[in-house]
Structures are given as structure tokens and as C-alpha cells.
Amino acid sequence: MPVILVANPKGGVGKSTLASNIAGYLSHRGHTVMLGDIDRQQSSARWLAQRPASVPLVQGWALQSTDALRTPKGVTHAVLDTPAGLHGKKLAQALKVADRVVVPLQPSLFDIQATYDFVQELQDARQDRGTNGHRLLVGLVAMRVREGTLSQQQLQQFIAQLGLPLLAQLRDTQNYVQLAARGLTLWDIAPGRVARDLEQWHELCAWLEPPPLN
């Protein structure tokens, strides 16, 4: 069962927005999805509480911390939202159950600096996992991007140095904010209303759910 970890030690980069929409996408694909939240703010948990019964179910994964983290049973996919400041032992515990790590970051100097050290931790973890035969996939998602700006150019230059795939550049829009307030995702409303945003998810969705090998 794939476990997708959404993580960045920097607060306010859009981890809960990304985690909830990943869970929403997978549920619309017909998977049995569970969304866990180990952030003290419990943003994803509050989002789940607002989710209408009329849309595909996303189950809650009750968690208090990364201590003794166990993979949930009875689901096909799990998404784990994480707190700011995640590193060291807590990060290692979360990575034990993760198959894929999605790292959201914003095009700002502070986010870039915080993300650089975190990516190095993840790279070390990937090497450790590789020696044990369990591959850990890591990808980046740029959040709240304003196209054509200097900050976007700086972000792209930074990402080119990391050696990790950029899975999506999600634009700065109120669609995510307005949908989250109602417990919804991009996939819960008419596609025509969010067509531009859905287009930006294509590569990320393919990475989350690759086609089976022949």
C-alpha cells in the first residue's frame, strides 16, 4: 500500500493544501484513501470534518505523533500531512512507512533556504533505503507560483541544483482556499471551473499513480 508523505520543515508552505488534494485525487480514482495529520494545527483533520458526504470518501487516520507510526489497514493509499520543523528522529520515523515524499515549497528566499537542508536529509535517507532494497521516491511541488515573476525564475534555478523532479508548479489562486473551507478538492467540482488548476496537476498525478509494469 503506497504511503505518501507531504513534508517540509518550513511552516506555511501549503502542506495541508497539497495533502488534502492528493487524497481527494486518489479517492476520485476509486481508491480507498486515508489522510493522516501529525501537525499540531490539525489542518487536514479539520478539512476532513468539513468534507461533505456527497463526495468520494477520504477516511481519517488518527495520529498524535510519529512515535510508533504504523501503516493503517483496510485502505489502498495513505497520505500523511506533517508539521513544521520535521527533521531528525521524527522525520526518520515518518520515512519508515513512506513510499513517496512530496516536498512543497514556495518561491521565496526563506523557503528555499529551509528546503535545501531538508532535501539533504531526504537524500541521505534515500541512500540508506537504497542499500536496504526499499526505494524512496522524492519529488518537489512549487506552491503559490506567480508566472513570469523573478521569484519563479529564482525558484527554478534553485530546483535545478537539487537533482529532484519538479512535479508541479501550482499557481497562486483562491480556488484552493475556497474549496478547502468546504472540505473539497479540485476533483470535487465541475472540471470547467478549475481547468487551469487541474492541468497543472497532470505530471504530479502520474507520479503518484504510475501505470503498472507489463
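Output the residue which, of all residues in segment 137-166 that are of a type in the set (Gly, Ala, Ser) and over 30 Å from Gln127 (Cβ atoms), is modelled with the highest pLDDT. Walk me through it before giving the result.
Narrowing segment 137-166 to residues of a type in the set (Gly, Ala, Ser): 139, 142, 148, 151, 160, 163.
Applying the additional criterion that residues be over 30 Å from Gln127 (Cβ atoms) yields 148, 151.
Numbers: Gly148: 75, Ser151: 78.
Step by step, filter segment 137-166, then rank; the result is Ser151.
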ask   = Do you know which of the residues in segment 154-186 that are open to solvent by 50 Å² or more (accessible area, probe 1.4 Å) and among the small types (Gly, Ala, Ser) is farthest from Ser108 (Cα to Cα)?
value = Ala181
Qualifying position, being surrounded by 15 or more Cβ atoms within 10 Å (Cβ to Cβ) and more than 15 Å from the chain's Cα centre (by Cα), among Val138, Val145 = Val145
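Out of all the residues in segment 84-115, which are without any contact (Cβ under 8 Å) to a residue 60 or more places away in the chain and not small (Gly, Ala, Ser)? Walk me through how you get there before you give the answer.
Going through segment 84-115, the residues without any contact (Cβ under 8 Å) to a residue 60 or more places away in the chain turn out to be 88-90, 92-93, 96, 107-109, 112-113.
Within segment 84-115, Lys89, Lys90, Gln93, Lys96, Pro107, Leu109, Ile112, Gln113 meet the criteria.
Where in segment 1-117 are the strands (runs of 3 or more DSSP E), entirely inside, with at least 3 residues that are open to solvent by less than 30 Å² (accessible area, probe 1.4 Å) and either modelled with pLDDT of 90 or more or out of contact with any strand residue (DSSP E or B) (no Cβ under 7 Å at 6 or more places or on another chain) (or both)?
On the way: elements: 3-6, 33-37, 58-61, 77-81, 100-105.
By residue number, 3-6, 33-37, 77-81, 100-105.
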inquiry  = Every residue in segment 187-201 that is touching a residue at least 24 places away in the same chain (Cβ under 8 Å) and either more than 19 Å from Ala53 (Cβ to Cβ) or surrounded by fewer than 15 Cβ atoms within 10 Å (Cβ to Cβ) (or both), please.
reply    = Arg196, Asp197, Gln200, Trp201
ask   = Only one of (1) over 24 Å from Leu122 (Cβ atoms); (2) within 17 Å of the chain's Cα centre (by Cα); (3) in contact (Cβ under 8 Å) with a residue 40 or more places away in the chain fails for Ala45. Which number is that?
value = (3)
Inter-residue pairs, beta-carbon under 6 Å, first in contact (Cβ under 8 Å) with a residue 24 or more places away in the chain and in segment 137-161, second of a type in the set (Phe, Trp, Tyr), 6+ apart = Gly139/Trp207
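The values are calculated or read from the model by the stated rules, or taken from the named source; none is laboratory data. Computed from a predicted structure; not experimentally measured. Please note: Cβ atoms are built from the backbone with ideal geometry, for glycine as well, and neighbour counts cover all protein chains shown. Heavy atoms of the whole protein, side chains included, go into the accessibility calculation; ligands, DNA and RNA do not. Shrake-Rupley method; radii C 1.70, N 1.55, O 1.52, S 1.80 Å.
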